[in-house]
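In what follows, a structure is listed as structure tokens, so that the remarks can point back to it.
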Amino acid sequence: AGGEEAAAPAAKAAPARCLTPSLYFAHMPRLSPDGRTLAFAAREGEFRSHSAGFELRTMAWPPPEAGHGSATLVPIVRGFPAATDGSSFAGLFGFHDELASLAWLDEATLVFHSVAGATKSTFTVAATGGGEAT
């Protein structure tokens, strides 16, 4: 009679599942056009800078209940890449906009840009691994 409304029952949160428990940093996930592969930037150890080197990783989607590890397509860059003419790939390195550039061209190819010296270039890499970024 005091005009108070009963509180609505709290919504039950959906269970969340960590897909990258062994990684310190996993960022900018992108699902392939066919919905079978998840690509993302990652780093196993911490960093103390606003820009750093990252790995480019993939994992099957949806991941199995157990053993949901990821495969490294592009290994981590140690230290800032030397200046290049932009034609040779030094590694995935940069700021948040470099990580945000990660995209799928098709079910088999990823595209991204990375900083190398004073240049920023665009590269592609086969999502199946074993290939070199071009």
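Close amide H pairs (under 5 Å, H built 1.01 Å from N) link Thr37 with Ser32, Trp61, residues at least 5 positions away or on another chain. May I ask you to derive the FRET efficiency for Lys12 and Thr72 from their Cβ-Cβ distance with R0 = 30 Å, giving the value to the nearest 0.05? That pair, Lys12 with Thr72, gives E of 0.25. Electrostatic bookkeeping for Pro63 treats Lys and Arg as +1 and Asp and Glu as -1; over the other residues with beta carbon under 14 Å from its beta carbon, the sum is +2.
Computed from the coordinates by the stated procedures, all read-outs in this text should not be read as laboratory data. Computed from a predicted structure; not experimentally measured. Backbone-built Cβ (ideal geometry, glycine too); neighbour counts: all protein chains shown.
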